[in-house]
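Please treat every number below as a calculation from the coordinates, not as lab data. In this text, all values refer to a predicted model and were calculated from it rather than measured experimentally. Glycine also receives a Cβ, built like all others from the backbone with ideal geometry; neighbour counts cover every protein chain displayed.
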Amino acid sequence: MELLLELQEQSDMALILVSHDLGLAATYADEVIVMYGGRAVEQASTRELFAHVQMLYTQALLQAIPRFDRPTHTILPVVEGRPPDLTHLPTECAFAPRCEWADDRCRASAPELAAPGGGRHRFACWHPCDEPVPDGRHESS
Ligand code: SF4
């Protein structure tokens, strides 16, 4: 990263990092685009994304960041299941088979990447994290 940042500075160029490590993004990126099933599913400035995560998948990536304040040998949380076959993407939300909040709406159609409240934080989810649903399932996560 030191070398990349040095080259970026020297060449006055933009830098796109592709990584599963959101800790890396938190340290070096101005903006984050979270991809799932070959699609952008959440996009925001790094500060906004970490403060107001909206997608359960993004939340899972954040929880998988190793932290020094955890006891040693702590097993990081994982999302059960497998990612979708990119050659046969479903019409439903691609994360639905692995999402504990998936319902009929999620299985009927994939939400578009959008910023429902305006602004620049965009996400593709029918049930974003900051919109609790009546059965309280968001509160348990
Ligand atoms: S649209 Fe539904 S299945 Fe997809 S991430 Fe959001 S809650 Fe989960």
**Message:** Take the residues in the range 114-130 that are of a type in the set (Gly, Ala, Ser), assigned to a loop (DSSP other than H, G, I, E, B) and under 15 Å from the mean Cα position of the chain (by Cα); name whichever of them is surrounded by the most Cβ atoms within 10 Å (Cβ to Cβ).
**Reply:** Ala124
**Complete:** Expected output for the range 11-37 (first residue crowded, with 16+ Cβ neighbours inside 10 Å, partner among the charged types (D, E, K, R) and in a loop (DSSP other than H, G, I, E, B), Cβ below 8 Å, 6+ apart or cross-chain) is none
**Complete set of residues in the range 83-113 that are more than 12 Å from the ligand (Cβ to nearest atom) and either not in a loop (DSSP other than H, G, I, E, B) or not polar (S, T, N, Q) (or both)** = Pro83, Asp85, Leu86, His88, Leu89
**Request:** State all residues of the range 70-113 that are surrounded by 11 or more Cβ atoms within 10 Å (Cβ to Cβ) and β-branched (Val, Ile, Thr); if no residue qualifies, say none.
**Result:** Val79
**Message:** What's the number of the only condition in (1) within 12 Å of the ligand (Cβ to nearest atom); (2) hydroxyl-bearing (Ser, Thr, Tyr); (3) out of contact with any Asp or Glu (no Cβ under 9 Å at 6 or more places or on another chain) that Thr58 fails to meet?
**Reply:** (3)
**Tally of residues being out of contact with any helix residue (DSSP H, G or I) (no Cβ under 7 Å at 6 or more places or on another chain), of a type in the set (A, V, I, L, M) and more than 18 Å from Pro128 (Cα to Cα) across the range 6-49** = 6
**Complete:** Scanning the range 1-30 residue by residue, the ones that are under 13 Å from the mean Cα position of the chain (by Cα) and farther than 16 Å from Leu61 by Cα total 0
**Complete:** Here, helices (runs of 4 or more DSSP H) confined to the range 1-77 with at least 1 residues that are hydroxyl-bearing (Ser, Thr, Tyr) and touching a strand residue (DSSP E or B) at 6+ places or on another chain (Cβ under 6 Å) are 46-51, 56-63
**Message:** I'd like the residue in the range 65-93 that is in contact (Cβ under 8 Å) with a residue 24 or more places away in the chain and either of a type in the set (A, V, I, L, M) or touching a Lys or Arg at 6+ places or on another chain (Cβ under 7 Å) (or both) and, out of all such residues, is farthest from Ala114 (Cα to Cα).
**Reply:** Ile65
